[in-house]
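The values are calculated or read from the model by the stated rules, or taken from the named source; none is laboratory data. This is a predicted model, so every value here is computed, not measured. Every residue, glycine as well, gets a Cβ built from its backbone with ideal geometry; the counts of neighbours run over all protein chains shown.
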Amino acid sequence: MRRPARYLLPLLLAASAGCSDTSAPRVADPAYDPTQLSSGIIYRWPTGTTIAVYVDPTAVPAGVDLTGATAAGMSAWKSALGGSEFAFRTAATPADADVIVHVSAAPRLVGLAGCAEPPTFAGGVTFFCPARDSALTLPLAGANPGRVKLDISVNPAATSAVNTLRALVTHELGHAVGIGGHSPDASDVMHGAPAVHTPSRRDIATLQWLVRQVIGLRL
């Protein structure tokens with residue numbers, strides 16, 4: 001089985017101080033480690049954020065519905081928390097986006113803000129560039145600086161009838177909302193080779209735990 005989904009957090013990351021968010025009363029432990037790939041750092045958006053996502057149509061193969069897969073993934077993660085911690089909206093332009101989703105064949109619309117070029121993986125990469133206690137804005141090409149914090153690249157050619165594009169995009173959006181780890185359970189969308197396209201109870205429990213922790217690195 002292919003392992004199409006990958007997540008990247010640059011490892012040159014200093015110890016981070018907590019931001020102004022305070023932790024809520026303790027909830028059940030996460031079903032798996034949501035900081036496995038982020039060197040133990042809790043990263044997420046501040047509570048109440050509406051995350052604007054731009055889907056780049058460049059180089060999307062015929063018959064591939066990247067926009068639909070992204071919309072379904074956004075809806076799935078918002079529903080996982082009942083819309084109480086964050087929301088999504090579709091951005092009309094890159095300048096209006098917090099997150100850009102594109103196929104791996106398309107040129108990246110943002111620079112790397114001084115971080116190293118992410119390695120190429122078979123399926124998906126979610127990238128941001130950390131600095132102290134927050135992620136840097138990834139500069140857009142041209143004069144407009146924008147406000148993009150995360151770049152998501154997916155490869156439709158790495159998907160299959162089992163590991164679908166919708167599952168891959170939902171998995172990468174899980175990284176984008178703060179789950180910096182992979183589940184060992186194939187029934188979870190955050191498994192390294194996602195075969196489901198809806199967050200499981202284990203995914204939801206992990207995210208519920210995560211959003212109640214003090215932010216170590218603010219998106």
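Per-residue answers, yes or no, for (1) polar (S, T, N, Q); (2) under 14 Å from the mean Cα position of the chain (by Cα):
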position: Thr49; (1), (2): yes, no
position: Tyr54; (1), (2): no, yes
position: Val60; (1), (2): no, no
position: Ser84; (1), (2): yes, no
position: Gly123; (1), (2): no, yes
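Being of a type in the set (Gly, Ala, Ser), crowded, with 18+ Cβ neighbours inside 10 Å, under 17 Å from the mean Cα position of the chain (by Cα) and outside any loop (DSSP other than H, G, I, E, B): is that true of Gly174 here?
When the stated conditions are applied, Gly174 passes them.
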Would you please list the contacts, defined by Cβ atoms under 7 Å and residues six or more apart or on different chains, that run from a residue in region 64-81 that is under 23 Å from Gln208 (Cβ atoms) to a residue that is of a type in the set (Gly, Ala, Ser)? Trp77/Gly174; Lys78/Ala87
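I'd like to know if region 121-129 contains one or more residues that are polar (S, T, N, Q) and out of contact with any Asp or Glu (no Cβ under 9 Å at 6 or more places or on another chain). Break it down into steps so the answer makes sense when it comes.
First, pick out the residues of region 121-129 that are polar (S, T, N, Q): 126.
Next, only the ones that are out of contact with any Asp or Glu (no Cβ under 9 Å at 6 or more places or on another chain) stay: none.
Checked against the condition, which is being polar (S, T, N, Q) and out of contact with any Asp or Glu (no Cβ under 9 Å at 6 or more places or on another chain), region 121-129 yields no hits at all.
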Report, ordered by the first and then the second residue, all pairs with beta carbons closer than 7 Å, sequence separation of six or more or different chains, a first member in region 205-219 that is touching a residue at least 40 places away in the same chain (Cβ under 8 Å) and closer than 20 Å to Lys149 by Cα, and a second member that is of a type in the set (Lys, Arg) and part of a loop (DSSP other than H, G, I, E, B). Leu219/Lys149
Could you tell me which numbered condition Asp98 fails, if it satisfies all but one of (1) under 25 Å from His197 (Cβ atoms); (2) modelled with pLDDT under 95; (3) of a type in the set (Asp, Glu)? (2)
Give the residue that is nearest to Ala193 (Cα to Cα), with candidates limited to residues of region 142-154 that are assigned to a strand (DSSP E or B) and among the aliphatic types (A, V, I, L, M). Val154
Pick out the one residue from Ser183, Ser200 that is out of contact with any strand residue (DSSP E or B) (no Cβ under 7 Å at 6 or more places or on another chain) and among the small types (Gly, Ala, Ser). Ser200
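When the residues of region 13-59 are filtered to those that are part of a loop (DSSP other than H, G, I, E, B), modelled with pLDDT of 75 or more and of a type in the set (Val, Ile, Thr), which remaining residue is surrounded by the most Cβ atoms within 10 Å (Cβ to Cβ)?
Top of the filtered list is Ile42.
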Tell me the strands (runs of 3 or more DSSP E) entirely within region 74-141 that contain at least 1 residues that are in contact with a His (Cβ under 7 Å, 6 or more places away or on another chain) and closer than 21 Å to Pro46 by Cα. 124-127
Hey, any hits in region 160-176 for a residue that's polar (S, T, N, Q), under 28 Å from Asp29 (Cβ atoms) and touching a helix residue (DSSP H, G or I) at 6+ places or on another chain (Cβ under 6 Å)? yes
